[in-house]
1. How compact is segment 7-46 by the rule of thumb for globular proteins, expressed as Cα Rg over 2.2 N^0.38 Å?
2. What is the dipole size for the chain, taken about its Cα centre, with +1 at each Lys and Arg Cβ and -1 at each Asp and Glu Cβ, in debye to the nearest 20?
3. Express in nm, to one decimal, how much length is gained between C14 and F36 on full extension, taking 0.36 nm for each residue of separation and deducting their alpha carbon distance.
4. Would you calculate the separation in nanometres between label points at H47 and R7, each defined as 7 Å from the Cα along the Cα-to-beta-carbon direction?
Amino acid sequence: MATKSARLGTCPNCGGTITSGYLLIEYDTNEGQERFAECPSCAEIVHPAH
Ligand SMILES: [Zn+2]
């Protein structure tokens, strides 16, 4: 298993680490890039915090 999963950020709900495998959607806004991911720890759809 050499697959390296990039860290997207942490869950604002439970503080767990969210990796790229859990990324659901990524899009650009006027503010920059927005991402939504499913947290592997609490199963909530969250905006990963950095
Ligand atoms: Zn979480």
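1. Computed over Cα atoms of segment 7-46, the ratio equals 1.12.
2. Numbers: 3 positive and 6 negative charges, 59 e Å.
Its charge dipole is roughly 280 debye.
3. On the way: separation 22, 0.36 × 22 = 7.92 nm, distance 1.51 nm.
Once the chain is fully extended between C14 and F36, it gains 6.4 nm.
4. 2.2 nm
Read the figures in this text as sums done on the coordinates, not as results from a lab. Everything quoted here is computed from the prediction, not taken from an experiment. Cβ coordinates were reconstructed from backbone atoms using ideal geometry, including for glycine residues, and neighbour counts include every protein chain displayed.
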